[in-house]
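Have a look at the structure below, then the notes.
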Amino acid sequence: MLFPQSQLLVRNIADLQGQILLVEPMADTLGHELSHQGVAFSVYTTDAAVGQSFPTAQQLQVAAHLTLPSPTRFDSVVIFYPKSKEQLPELLGEIKPYIDATTEIYLVGDNKGGIKSLPAQAQKLGLHAHKLDNAKHCLWFALSGLMQASLPQASLQQFAWDVLGTSLTLYSRPGVFNHGRLDQGTALLLSTLGFLRDSNAANVLDFACGAGVIGLYLKTLNHKLTKTASDICALAISATDASFAHAGFTVTSYCQAGLPKGRFDHIVSNPPFHTGLKLDLSVAQQFFAQAKQQLSLGGSLTLVANSHLPYQEWLQAQFGNVKELARSNAFVVWQAVRKN
């Protein structure tokens, strides 16, 4: 299956020449489609699921910075417009060392994902975006002026937050969940986690950790906890690692889709329910099933979700018991305990 953005790329494949670099593509079958057409390409992705969806020989997954094999110059670059608009200048800055004045640069994105604002955003960066195609509810742009533009260097930014009376210093960058602000759902979840204050050396997993605020709050609350964090986004893992290191704590972190292997006493999460811009509840269903298998007996899964999602029913089917810990206008915190 191809997402609409990938379909538009295939439709404009004739624009791409020579050595091709795909930047942050979708987790679909684009790699197989291009290989079938005999198109040679490299991939830059910070998403573990995207890395799995591309042929291994053509996959390039990095943690935080662009590291490319030889040849280090590309003739064509296609950037999939990021979900976070702030991430685009950093992506452009990261690919700049691997292009020259003859490199053709293209951007593709969903109309609902912010790409309509690209011409204005490009102008502010000293660039020019020219629309070439419009189909599949997506846009295909050519971008010029990158060699002459002055762009920000990708780096982690520091934020100081007061979370329920606890001072936290977090590191993050554009594209990471909870970058620069604590969302309402996570704030509600944190208010229910006092039961872990006195847990003795329990192993707690922060699933879909983002900038690491849940795990760091819990570790600050109770130093005896053993903290594990996982996220599908490598940028989130680098942010979480930096946040823990600054606080003088250790964390075992994993960049992968799904739960990391191991046995956990408690799992805490504000889990995602989108793949790209599309609602994808299969992520949550798989998460609940995996969590049941990997929790210790008596262990708990505590999560926050939008109140309209059918999570209570799914948790009940997996665990046989579920209770509501907190509710706001938009969010609800559920907890399920493994009894058998």
*Which one of 122, 129, 149 is small (Gly, Ala, Ser) and touching a helix residue (DSSP H, G or I) at 6+ places or on another chain (Cβ under 6 Å)?*
129
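Considering each of 317, 245 in turn, give the residue that is open to solvent by 40 Å² or more (accessible area, probe 1.4 Å), at pLDDT 95 or above and out of contact with any helix residue (DSSP H, G or I) (no Cβ under 7 Å at 6 or more places or on another chain). Break it down stepwise before answering.
Values: 317 fails: at pLDDT 95 or above.
Exactly one of 317, 245 is open to solvent by 40 Å² or more (accessible area, probe 1.4 Å), at pLDDT 95 or above and out of contact with any helix residue (DSSP H, G or I) (no Cβ under 7 Å at 6 or more places or on another chain), namely 245.
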*asked:* Step by step: first the residues of the range 207-221, then only those that are open to solvent by 10 Å² or more (accessible area, probe 1.4 Å) and not in a helix (DSSP H, G or I), then the one that is farthest from residue 183 (Cα to Cα). Which residue is that?
replied: 207
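Every residue, every condition in (1) over 14 Å from residue 266 (Cβ atoms); (2) among the hydrophobic types (A, V, I, L, M, F, W, C); (3) at pLDDT 95 or above; (4) within 24 Å of the chain's Cα centre (by Cα), yes or no:
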site	(1), (2), (3), (4)
180	yes, no, no, yes
186	yes, no, yes, yes
197	no, no, no, no
201	no, yes, no, no
206	no, no, yes, yes
_Hits in the range 145-160 (condition: outside any loop (DSSP other than H, G, I, E, B) and surrounded by fewer than 19 Cβ atoms within 10 Å (Cβ to Cβ))_ = 147, 148, 157, 158, 159, 160
*Per-region count, the range 286-305, residues in contact with a strand residue (DSSP E or B) (Cβ under 6 Å, 6 or more places away or on another chain) and either in a loop (DSSP other than H, G, I, E, B) or open to solvent by 40 Å² or more (accessible area, probe 1.4 Å) (or both)*: 0
*Output the residue which, of all residues in the range 1-18 that are over 20 Å from residue 51 (Cβ atoms) and part of a loop (DSSP other than H, G, I, E, B), is most open to solvent (accessible area, probe 1.4 Å).*
17
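The values are calculated or read from the model by the stated rules, or taken from the named source; none is laboratory data. Only a predicted model underlies this, so the values are computations on that prediction, with no experimental measurement involved. Cβ coordinates were reconstructed from backbone atoms using ideal geometry, including for glycine residues, and neighbour counts include every protein chain displayed. Quick note on the areas: whole protein, heavy atoms, side chains included, nothing else; ligands and nucleic acids left out. Shrake-Rupley method; radii C 1.70, N 1.55, O 1.52, S 1.80 Å.
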